[in-house]
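Structure record follows, encoded as structure tokens.
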Amino acid sequence: MSQKSRLVQTALAADRWVEGFAIALLVAMIVIVFVAVVTRKVFGFVFAWSEEVTLLCLTWFTFMGIAIGFRERLHLGMDIFEKLPQPVLRALDRLIDLVTFLFGLYLVVCGWDFTLMMRGSILAATQLPNVVQYVVMPITGVLTCVYSGLQFLGRDLRRYHRIEEEIKRDA
């Protein structure tokens, strides 16, 4: 196996892990909320940590979803631009990739600064360091930079583009 092939396989495995982690967060959030509702309505108590852990899952799921959304090119688009000549559309795609990369860089720098600023505090219910809630920002920034950088170089990273084609067809 060549060096490039190993690198691609490693990147795909990491990408699958990120996506699987996001799905696991969503499932955990659903289960925790369900259990919290049942225990509150049926047994008259709530686990003290349920709201905090749900919020953590929601934060991480949202930020992971941002990176996956950029990978899948799910940003908002305007159909009016589809009528422009192909060279102009390609230039606009490169501009979008550049702006997305800059946003990812912003998340890395400012997210890391914010994470460090929260170092001294802890979450009330779980006693976890508050860093756990905010470290997802620079992680998402790194993923966004990698995805947008590869897209800028012409790589199509979308794994679910068939779904987008079906939505356009059915609209």
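The values are calculated or read from the model by the stated rules, or taken from the named source; none is laboratory data. None of these values were measured; they are calculated from a predicted model. As a convention, Cβ positions derive from the backbone with ideal geometry for all residues, glycine included, and neighbour counts pool all protein chains shown. Accessible surface areas use protein heavy atoms only, side chains included; no ligands, DNA or RNA. Shrake-Rupley method; radii C 1.70, N 1.55, O 1.52, S 1.80 Å.
Observations
- Which numbered condition LEU56 misses (of (1) at pLDDT 95 or above; (2) open to solvent by 50 Å² or more (accessible area, probe 1.4 Å)): (2)
- Test: residue in the stretch 83-96 that is modelled with pLDDT under 95 and open to solvent by less than 50 Å² (accessible area, probe 1.4 Å): yes
- One residue stands out among those in the stretch 70-82 that are in contact with a helix residue (DSSP H, G or I) (Cβ under 8 Å, 6 or more places away or on another chain) and among the acidic types (Asp, Glu): the one that is modelled with the highest pLDDT, which is GLU72.
- Filter pass, VAL8 being under 24 Å from VAL142 (Cα atoms) and either of a type outside the set (Ser, Thr, Tyr) or surrounded by 13 or more Cβ atoms within 10 Å (Cβ to Cβ) (or both): yes
- Where helices (runs of 4 or more DSSP H) fall entirely within the stretch 47-138, those with at least 3 residues that are farther than 17 Å from PHE21 by Cα and of a type in the set (A, V, I, L, M) are at 86-117.
- Just one of the listed residues (THR126, THR140, THR144) is surrounded by 12 or more Cβ atoms within 10 Å (Cβ to Cβ) and either of a type in the set (Asp, Glu) or in contact with an Asp or Glu (Cβ under 8 Å, 6 or more places away or on another chain) (or both), and it is THR126.
- When TRP112, TRP49 are checked against the criterion of being touching a residue at least 24 places away in the same chain (Cβ under 8 Å), more than 22 Å from GLY141 (Cβ to Cβ), of a type outside the set (D, E, K, R) and open to solvent by 60 Å² or more (accessible area, probe 1.4 Å), TRP49 stands alone in meeting it.
- Residue match in the stretch 64-80 (condition: open to solvent by less than 60 Å² (accessible area, probe 1.4 Å) and over 18 Å from LEU157 (Cα atoms)): no
- Residues that are part of a loop (DSSP other than H, G, I, E, B) and not acidic (Asp, Glu) were ranked within the stretch 145-160; the one that is modelled with the highest pLDDT is LEU153.
- Looking only at the stretch 13-27, residues that are among the β-branched types (Val, Ile, Thr) and open to solvent by 70 Å² or more (accessible area, probe 1.4 Å) come to 2 in all.
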